[in-house]
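Notes to accompany the following structure.
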Amino acid sequence: MADFRESVIAVSYIVAAVLFIFGLKQLSSPSTARAGNRLAAMGMALALGVTLLDRQILSFWSIALGTFIGAVMGIYFARTVQMTAMPQMVALFNGMGGATAALVSVAEFLRLSRSGEIIGKGEATSIVLGTIIGAISFTGSLIAFGKLQELLSGKPLQFPLQRAINALTLLAIFALGIWVVAGTGGAAALWILFAASLFLGAMFVLPIGGGDMPVVISILNSLTGLAAALTGFVLHNQMLVVAGVLVGASGTLLTLLMSTAMNRSVANVLFGAFGASGPSTAAADTGVQRTVRQTTTEDTAIALAYARSVVIVPGYGLAVAEAQHTVRELATDLEKRGVSVKYAIHPVAGRMPGHMNVLLAEANVPYDQLLEMDQVNGEFPQTDVVLVVGANDVVNPAARDDPSSPIYGMPILDVDRARNIIVLKRSMGHGFAGIDNALFYHEKTRMLFGDARQSLTEVGQALKSA
Ligand code: NAP
């Protein structure tokens, strides 16, 4: 009977792992992402369910209570959180994963020590690493949450001797770790190591600017995966190892993708204190008076109504203005008039990966209208009107043409190659990179100043009488 139970658990874990992998694969396209999410959730339910069959688990009630509390909180937050607050929710969830991995590692160490069992070097190493990485991920994620929720300043927080203090803390953690693995440090050393790692996590994220938090969260996410995998080794649970490795690997890939799309190295994100010098940095001020050409909602409506092809470029301002439904309504009205409407999606538009995809999906924009950067860039020269809605850095030609620009080399949407460009934003204010944008002074560009949702609503009304 015991053998049969073991086999059921082993086979179910393999099935759950396969469901995770296929679920992840499906998350790579907006059209299959929902199905992928469901598949991965089924895998998780299966993994949780069969783990309860494990004869080593004694208290079903505490597990049931934990699952219930977690599920209620999860459902509540998933239903109530604003789309713009999604990055901080991910940070919080990630922090909980890190804390869990660290606490499980410490608890397992205490249990083994009390039972008088000899803790092998391999097991002790997994416990130490699980504690360090989980604790760093926990406090790092809490600081990331605080910055994004504006409970803490979004500016990079730097103070004298910061790097020296971090280096010393890291050294102390290593020394304590070796002491614990050698079998001489005991529980006291592990607790101090735990506390030092919590401190290091906070100190590591404080000097990073609020805008870089999505990349930081992605890094912390991969660390949490690693910590969970190490906990899997400690608990001899293969499912936890597999799930942890998948989280770790996907978090690492996402980090690299985001850094590449911003043309910055991961080290620059972590140690570059981007944004420390405020929004006025590197405005490519040549001293030459440049002309800004303004337009009105009526003229915008006419330009759109008489276009054959329109490409909408959403950016962070679309999220701030919560204009996704309004832009979709305008697009539908244009399509009714026979205008072809597409959306150009830059990989780091907004403030989190897939930000624009999620917002537009919420407004039921058909997936086949969303074009990725590589697909759409070739289409701009044949596009009659590009409507830039709250995007700035991702359409800045300096990234392509000006080697002195801080964003030089970042791939951009080549909207300046379209026939006409209309930019919706509130002012000449800068975007995340804090630099001026030559597109706004281009002779083909017209600026429509105002809140994006308000402007789009008025353009929609004007379109009806155009
Ligand atoms: P952006 O360069 O940050 O510019 C957003 C623009 O939106 C601003 O210039 C702002 O101008 C405008 N805006 C704000 N509120 C608005 C409103 N209510 N109505 C209309 N416009 C409004 O945005 P982006 O072009 O999407 O570029 C994203 C930037 O974030 C990139 O530099 C990227 O590297 C960075 N980033 C992205 C991620 C990610 O994962 N997506 C992660 C980290 C960093 P006004 O103030 O004049 O209105």
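If you go through the stretch 397-406 one residue at a time, do you hit one that is buried (at least 22 other Cβ atoms within 10 Å of the Cβ) and closer than 24 Å to R308 by Cα?
Within the stretch 397-406 (the criterion being buried (at least 22 other Cβ atoms within 10 Å of the Cβ) and closer than 24 Å to R308 by Cα), the answer is no, since none of the residues qualifies.
If you check G225, G248, G211, G244, which single one turns out to be within 16 Å of the ligand (Cβ to nearest atom) and either part of a helix (DSSP H, G or I) or over 30 Å from Y408 (Cβ atoms) (or both)?
G211
Step by step: first the residues of the stretch 136-160, then only those that are part of a loop (DSSP other than H, G, I, E, B) and closer than 15 Å to F204 by Cβ, then the one that is modelled with the highest pLDDT. Which residue is that?
Checked the stretch 136-160; the qualifying residue modelled with the highest pLDDT is L152.
Considering only the stretch 443-456, how many residues are surrounded by fewer than 17 Cβ atoms within 10 Å (Cβ to Cβ) and more than 12 Å from the ligand (Cβ to nearest atom)?
2
Can you pull out every residue in the stretch 325-352 that is assigned to a helix (DSSP H, G or I) and either of a type in the set (D, E, K, R) or touching a residue at least 40 places away in the same chain (Cβ under 8 Å) (or both)?
T326, V327, R328, E329, L330, D333, L334, E335, K336
How about the stretch 416-440: which of its residues are away from the ligand (no atom under 11 Å from the Cβ) and either among the aliphatic types (A, V, I, L, M) or buried (at least 21 other Cβ atoms within 10 Å of the Cβ) (or both)?
A418, I421, I422, A438
Sort out which residues of the stretch 397-415 are among the small types (G, A, S) and within 13 Å of the ligand (Cβ to nearest atom), and write them in order of number.
A398, A399, S405, G409, listed by residue number.
State yes or no: is Y76 of a type outside the set (A, V, I, L, M) and surrounded by 17 or more Cβ atoms within 10 Å (Cβ to Cβ)?
It is false that Y76 is of a type outside the set (A, V, I, L, M) and surrounded by 17 or more Cβ atoms within 10 Å (Cβ to Cβ).
Among the residues of the stretch 21-60, how many are modelled with pLDDT of 90 or more, over 19 Å from the mean Cα position of the chain (by Cα) and within 22 Å of Q238 (Cβ to Cβ)?
Here the count works out to 10.
Return the pairs, sorted by first residue and then second, in which the second residue is among the polar types (S, T, N, Q), the first residue lies in the stretch 430-442 and is modelled with pLDDT of 95 or more, the beta carbons are less than 7 Å apart, and the residues are 6+ apart or on different chains.
As it stands, the answer is N437/N392; N437/N396; L439/N396; L439/T445; Y441/T291, since those pairs meet every condition given.
Considering only residues of the stretch 328-353 that are more than 8 Å from the ligand (Cβ to nearest atom) and under 22 Å from P411 (Cα atoms), which is surrounded by the fewest Cβ atoms within 10 Å (Cβ to Cβ)?
Going through the qualifying residues, I end up with K342.
For (1) basic (K, R); (2) in contact (Cβ under 8 Å) with a residue 40 or more places away in the chain, each residue gets a yes or a no:
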residue	(1), (2)
D401	no, no
P406	no, yes
G409	no, yes
K425	yes, yes
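When you go through T139, T100 one by one, which is the residue that is buried (at least 21 other Cβ atoms within 10 Å of the Cβ) and under 29 Å from the mean Cα position of the chain (by Cα)?
The unique qualifying residue is T139.
Within the stretch 303-322, track down each residue that is near the ligand (Cβ under 7 Å from one of its atoms) and in a loop (DSSP other than H, G, I, E, B).
G315
Consider the stretch 36-95. How many of its residues are over 30 Å from G154 (Cα atoms), part of a helix (DSSP H, G or I) and touching a helix residue (DSSP H, G or I) at 6+ places or on another chain (Cβ under 9 Å)?
18
(1) closer than 20 Å to F271 by Cα; (2) in contact (Cβ under 8 Å) with a residue 40 or more places away in the chain: which one isn't true of L129, the others all being true?
The failed condition is (1).
The values are calculated or read from the model by the stated rules, or taken from the named source; none is laboratory data. This structure is a prediction, so every number in the text was calculated from the model and none was measured. Methodologically, a virtual Cβ is constructed for each residue, glycine included, from the backbone with ideal geometry; neighbour enumeration extends over all protein chains shown.
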